[in-house]
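The values are calculated or read from the model by the stated rules, or taken from the named source; none is laboratory data. Small disclaimer: the values here were computed from a predicted structure and weren't measured. Cβ coordinates were reconstructed from backbone atoms using ideal geometry, including for glycine residues, and neighbour counts include every protein chain displayed.
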Amino acid sequence: MIEPVAVAVPQPLPEARSFEDIQALFTEANHALAERVNQGIAQFLSETDEPAPFNRDDLINKYASFEIPLEGQTFEAYLETLEQHIIPDSAHLASPRYLGHMTSPLPRFIPEVGRLIQSLNQNMVKMETSRGLTLLERQTLGLMHQELFGFESSFYDQCVHDFSSTLGIFTSGGTLANISALWAACRQAAAQGAVDQRRTRVVIGSELMHYSFDKGAEILGLTLIKLPVNQDNSIDIEVMAQALQTCLEHDQQVIALIGIAGTTDFGSIDPLADICRLGQAHGVYVHIDAAWGGGFVLSAYKEQVLAGVAQADSITIDGHKQLMMPIGCGLLLFKDPNLSKQIAHHAPYAVREKSLDQGKYTLEGTRPANTLYLHACLSIIGRKGYHQIFQRAMQNTAYMAQAIKDSEAFELTSEPKINILTYRYLPKAYRGKVLSEEANRQISQFNETLQKVQRARGQSFISRTSRAITQYGPQKLTLLRAVLLNPLSNEADIQYVLDDQLSIAASLES
Ligand SMILES: *Cc1c(COP(=O)(O)O)cnc(C)c1O
């Protein structure tokens with residue numbers, strides 16, 4: 001067992017600090033230190049994990065103890081902790097050979113916008129504490145609403161300044177957006193008829209629903225019905241219609257139908273237009289979880305990915321996935337802004353009923369002015385820039401899918417609809433054979449080891465998932481999962497990642 005070491009051993013200053021020294025923390029800028037932080041960031045962004053391979057146990061031991069110092073350190077002394085531990089111990093998600101997670105590299109203007117957001121430190125819960133940024137938030141919500149739902153501009157002129165409702169909310173991510181949507185659907189159902197506590201309230205979606213729906217269902221006391229998916233990893237509308245019918249026959253209250261535009265596992269897309277029609281025909285709320293795929297609305301792939309969403313009641317989009325925004329940026333848009341009134345709350349000391357406060361409509365209270373990231377991205381990247389980013393992502397995905405198909409060592413396990421694909425390595429003994437359940441179990445075991453070794457070596461990265469795919473029946477398989485989000489990744493990077501896996505596999509097999 002390795003001895004735990006403290007990350008920082010805080011050294012008290014030789015002389016006790018006066019209160020003036022503490023006050024100086026709020027007033028004195030240090031440009032030399034800022035430059036050192038810049039250098040640390042630049043070096044980090046240019047690296048893979050290779051110089052510091054991932055070792056879980058080492059990290060766990062290293063972060064085992066910490067003490068709050070009596071006398072604080074200087075920032076300069078503290079910076080050493082950052083440089084020696086915190087920065088090197090972080091994951092290199094921005095590397096073009098890291099094709100496994102939904103986190104993109106950030107445009108270089110983002111940290112500058114971030115510095116501004118933090119320095120202004122406006123609180124979006126109230127107009128008093130955010131002023132113009134509350135209006136900017138309502139404007140940017142209007143922009144995204146128009147992309148998705150496409151109402152006339154007169155509608156937006158009116159709604160943006162009608163403070164009795166909102167077109168949507170900013171959240172910390174897709175999870176909070178989805179939970180808020182379920183909340184609105186529950187309130188709407190309650191408003192439309194007498195709530196009968198004895199009736200079971202259900203939400204229907206596919207088995208690939210993000211686990212945020214499990215959280216929301218638990219908080220709100222709902223039952224989730226998870227439908228099996230077809231060979232495209234999406235819902236068959238007949239299956240959903242049948243499930244809805246069965247619920248109605250059993251006197252269950254159907255709160256919402258969920259469609260996914262870009263599943264987390266496969267990037268697959270449910271029949272969104274059909275789900276919206278089904279919901280409308282039965283007066284049931286439809287929510288589209290486009291946390292992953294929603295960004296495509298800003299590109300010419302809009303129809304291919306999001307056809308039909310304009311008929312949904314609400315839509316989730318994650319800014320921090322495909323829109324190149326930093327972590328902490330989710331969006332929920334309501335087709336009918338009146339829906340936001342269902343989840344409105346007030347307090348006497350703040351967010352008063354007649355106020356202009358966006359905090360009336362959010363599950364979260366105090367909230368940062370993340371709207372500025374979206375505003376900056378839309379302004380600086382622009383529609384054309386986003387299209388080019390998505391185009392590169394789609395080209396990279398097609399290239400990788402083809403490279404996998406062309407190699408007898410790999411099996412493509414999901415035909416990509418957008419920029420996520422899954423595949424697996426086939427050890428030599430299993431190639432060209434009919435695979436038994438036991439063979440599939442062995443292959444899964446092999447792929448899990450392969451993924452872990454690749455992660456530990458740190459030269460490239462692919463994530464993994466465990467799902468059944470139709471051609472092999474209900475058995476869960478370990479699948480390698482590539483997320484092709486990074487606009488700096490190119491074909492050579494993709495080839496590098498696959499070659500890395502081939503060389504690891506060869507050494508594991510021998
Ligand atoms: C990522 C994701 C979520 C959750 O979003 P967070 O920002 O991680 O909270 C929800 N749904 C889908 C489809 C996702 O891909």
Please list, ordered by residue number, the helices (runs of 4 or more DSSP H) wholly in region 69-165 having 2 or more residues that are free of Cβ contacts under 8 Å to residues at least 24 places away in the same chain. 109-120, 132-149, 153-160
Could you count how many residues in region 412-439 are surrounded by fewer than 10 Cβ atoms within 10 Å (Cβ to Cβ) and in a loop (DSSP other than H, G, I, E, B)? 3
Residue 356 fails exactly one of (1) part of a loop (DSSP other than H, G, I, E, B); (2) within 30 Å of residue 417 (Cβ to Cβ), namely (2)
How about region 303-324: which of its residues are touching a residue at least 60 places away in the same chain (Cβ under 8 Å), within 16 Å of the ligand (Cβ to nearest atom) and assigned to a helix (DSSP H, G or I)? 305, 306, 309, 320, 321, 322
Among residues belonging to region 207-229 that are in contact with a helix residue (DSSP H, G or I) (Cβ under 9 Å, 6 or more places away or on another chain), in a helix (DSSP H, G or I) and not basic (Lys, Arg), point out the one that is farthest from the ligand (Cβ to nearest atom). 220
Hey, among the residues in region 185-205 that are outside any helix (DSSP H, G or I), small (Gly, Ala, Ser) and away from the ligand (no atom under 11 Å from the Cβ), which one's farthest from residue 241 (Cα to Cα)? 194
If we scan region 443-451, do we find a residue that is part of a loop (DSSP other than H, G, I, E, B), in contact (Cβ under 8 Å) with a residue 24 or more places away in the chain and either basic (Lys, Arg) or on the phi < 0 side of the Ramachandran plot (or both)? no
Checking the conditions here, which among 97, 115, 108, 138 is more than 28 Å from residue 367 (Cα to Cα) and under 24 Å from the mean Cα position of the chain (by Cα)? 97
Here are some residues: 256, 312. Which one is surrounded by 24 or more Cβ atoms within 10 Å (Cβ to Cβ), out of contact with any Asp or Glu (no Cβ under 9 Å at 6 or more places or on another chain) and within 29 Å of residue 164 (Cα to Cα)? 312
List the pairs whose first member sits in region 191-212 and is under 19 Å from residue 181 (Cα atoms), whose second member is among the acidic types (Asp, Glu) and within 14 Å of the ligand (Cβ to nearest atom), and whose Cβ atoms are under 7 Å apart, counting only residues at least 6 apart or on separate chains? 206/270; 208/265; 210/289
The conditions are (1) within 15 Å of the ligand (Cβ to nearest atom); (2) in a helix (DSSP H, G or I), and residue 246 fails exactly one of them. Which is it? (1)
Please indicate, with yes or no, whether at least one residue in region 277-295 is more than 18 Å from residue 417 (Cα to Cα) and within 16 Å of the ligand (Cβ to nearest atom). yes
Within region 161-184, how many residues are more than 19 Å from residue 133 (Cα to Cα) and within 14 Å of the ligand (Cβ to nearest atom)? 10
If you go through region 253-264 one residue at a time, do you hit one that is small (Gly, Ala, Ser), within 15 Å of the ligand (Cβ to nearest atom), under 20 Å from residue 220 (Cα atoms) and modelled with pLDDT of 95 or more? yes
Only one of 331, 378 is under 27 Å from residue 100 (Cα atoms), at pLDDT 95 or above, in contact with a helix residue (DSSP H, G or I) (Cβ under 8 Å, 6 or more places away or on another chain) and more than 16 Å from the ligand (Cβ to nearest atom), namely 378
For region 57-68: of the residues being in a loop (DSSP other than H, G, I, E, B) and not hydroxyl-bearing (Ser, Thr, Tyr), which is surrounded by the most Cβ atoms within 10 Å (Cβ to Cβ)? 64
